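J.: For reference, the structure I am asking about is given below.
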Amino acid sequence: MKTNRLIITAILIISGGFLVNLTAQEALKAVVQKCESMDNVTVSVIRRKITKEKRETEKRETMENKVKTVVINVSFKNNEELKKEILAAFEKDKNQADQEMMSKENGKVRSLNYRFGETSYIYLEGTDGNVSLSVRGGISIPVF
């Protein structure tokens, strides 16, 4: 009886951790998607195509071609509302991040770097008002 409870508890803990990873970075994903359709915001995307041959060498089960987004860069200048929204998204997803790095200058956030598994979200703000948000890693954000 105790063994069954222990097994069930272990399964719940493991599945709970998996579900937290699925819901992590939701606010950041949403703000990146919003930026794609905004005026005066530059978005660039780098994708990597995983071909059938590459999958065979990596011993993957499915053999169809797949595209994996590797890098998304969003940049803009002088948009305080969008900057506040991005910083709020970082704050909202903060507790789910595996790693967090922050740099402040004169009490103002200049850079943030949150890591969620293989995916990193990097925020940089220059002294001239330029803001850049980069997403790097295995990203499941539909773009364009």
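Readers should treat all values here as calculations from the given coordinates under stated rules, not as data from a laboratory. Here the structure is a predicted model, which is why all the values come from computation and not from measurement. Glycine also receives a Cβ, built like all others from the backbone with ideal geometry; neighbour counts cover every protein chain displayed.
J.: Beta carbons within 10 angstrom, averaged per residue: use that to sort the peptides 72-80, 26-34, highest first.
T.: 26-34, 72-80
J.: When ranked by the protection proxy of mean other Cβ atoms within 10 Å per residue, highest first, what sequence do the peptides 120-131, 82-93 form?
T.: 82-93, 120-131
J.: So, R0 is 25 Å and r is the distance between the beta-carbons of residue 102 and residue 130; what FRET efficiency does that work out to, to 0.05?
T.: E between residue 102 and residue 130, to the nearest 0.05, is 0.85.
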